[in-house]
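Have a look at the structure below before the remarks.
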Amino acid sequence: MAVIAVVGHINVETTLRVDGFPVAYTPARYPFFGIQSAVSGVGFNVAAALTTLGSTVRLASIIGRDPTGALVAAALSERGIGSEWVLVAADATAQSVVLFDPEGRRQVNTDLKDMQEMTYPADRFARALSGCSLAVVGNINYARPLLHIARAAGLPLATDVHAIADLDDPYNRDYMAAADILFMSGERLPEPPEAWAGRVMDRYTPEILVIGLGAGGALLATKRDGRVERMPAVRTRDIVSTVGAGDALFAAFLHCYAETGEPATALRKATVFASSKIGAAGGAEGFLDARALDALTVALGHQATGAPSG
Ligand SMILES: Nc1ncnc2c1ncn2[C@@H]1O[C@H](COP(=O)(O)OP(=O)(O)OP(=O)(O)O)[C@@H](O)[C@H]1O
Ligand SMILES: [Mg+2]
């Protein structure tokens, strides 16, 4: 099974169920079992999803020396993700608060503390890459200098720049320029995703581009054959919260693509994996293992694409 290096953000995420957006003022609420805290963040979500699917992951990240950091260490151990490459180097661990409504819409509030000023040692990351077949580099600031370490190691590089609206986005262009497999969200695009995908493929050099389209599924563009196609979303259970849907899609795609080398098949399975994740409140919850993902994908194959399965 593939050994995959992941560098990315970890935080402790508190999810709160609300009645709708905007949130109406009321001095006190008692949402029984509507508040949960768990470890999440792009790096953790992707590492946990890959590990659940059976990939071996080396997760490089930075957490704090505070009690919140101890929660992260416990979660890494519980999820079978090694902590060897996770640095306990900041004063405080990042945290997020996610509000989600009955339709599963979510508002993510992230407090990065001083993570955007932190540095991950390049030599340490270079050692983490040894023996890996893929580098997954998140767009947290301390990962930026690690892009060229991964490239120098000759590894294919996957990244997700999330919600983006400018092809030359100054924060994200280094990531887009370095990517062989590039994911992004369609949420803030200034034009239809097909047109945007064409411009991304002209401007940058990814082999594969995937744009997450929420309930509309995802768009796949491949450099090799110039293909641009939409993959519909699937519904496998009721939606609780869409937080982390993009991370789930990204991780499952990478796992399945490493296995088959077939992007459309991998993306189809990734939409099934994401549909399970959004049936849970937390960003790192609701993941299927490889056997369950295969079984569900086969079962859905007998229905019209995109139809609810009950
Ligand atoms: N409301 C929804 N209904 C059905 N499927 C959904 C919904 N939201 C997300 N999904 C599934 O999850 C996948 C990834 O979600 P989405 O496209 O929103 O990711 P993203 O915008 O890239 O990232 P983010 O997690 O930040 O929203 C979609 O391609 C789809 O398969
Ligand atoms: Mg989205």
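Each reported figure results from applying straightforward, stated rules to the coordinates on display, with no laboratory input. Computed from a predicted model, the values in this text were never measured in an experiment. Note: ideal-geometry Cβ built from the backbone for every residue, glycine included; neighbour counts use all protein chains shown.
A few comments on the model shown:
- Other residues whose C-beta falls under 12 angstrom from the C-beta of Thr93 contribute a net charge of -3, scoring Lys and Arg +1 and Asp and Glu -1.
- Note, ³J(HN,Hα) from phi for the stretch 2-14, Karplus 6.51, -1.76, 1.60, rounded to Hz, x at Gly and Pro: 4, 9, 10, 8, 10, 10, x, 6, 10, 9, 9, 10, 10
- The C-alpha radius of gyration of the stretch 147-193, expressed as a fraction of 2.2 N^0.38 Å, stands at 1.22.
- Prolate/oblate/rounded label for the chain (Cα gyration tensor, a/c 1.5): rounded
- Shape metrics for the stretch 66-127, restricted to C-alpha atoms - Rg then Dmax, Å: 14.7, 46
- In terms of packing, defined here as the mean over residues of other Cβ atoms within 10 angstrom, the peptides 78-87, 142-151 line up highest first as 142-151, 78-87.
- Global geometry of the stretch 138-246, whether rounded, prolate or oblate, following the gyration tensor of its Cα atoms and the 1.5 cut on a/c: prolate
- Between Thr265 and Arg105, the simple label model (points 7 Å from Cα in the Cβ direction) yields a spacing of 3.9 nm.
- Antiparallel bridge percentage (DSSP; both residues within the chain; nearest 5): 40 percent
- Shape category assigned to the stretch 44-173 from the gyration tensor of Cα positions, a/c cut at 1.5: rounded
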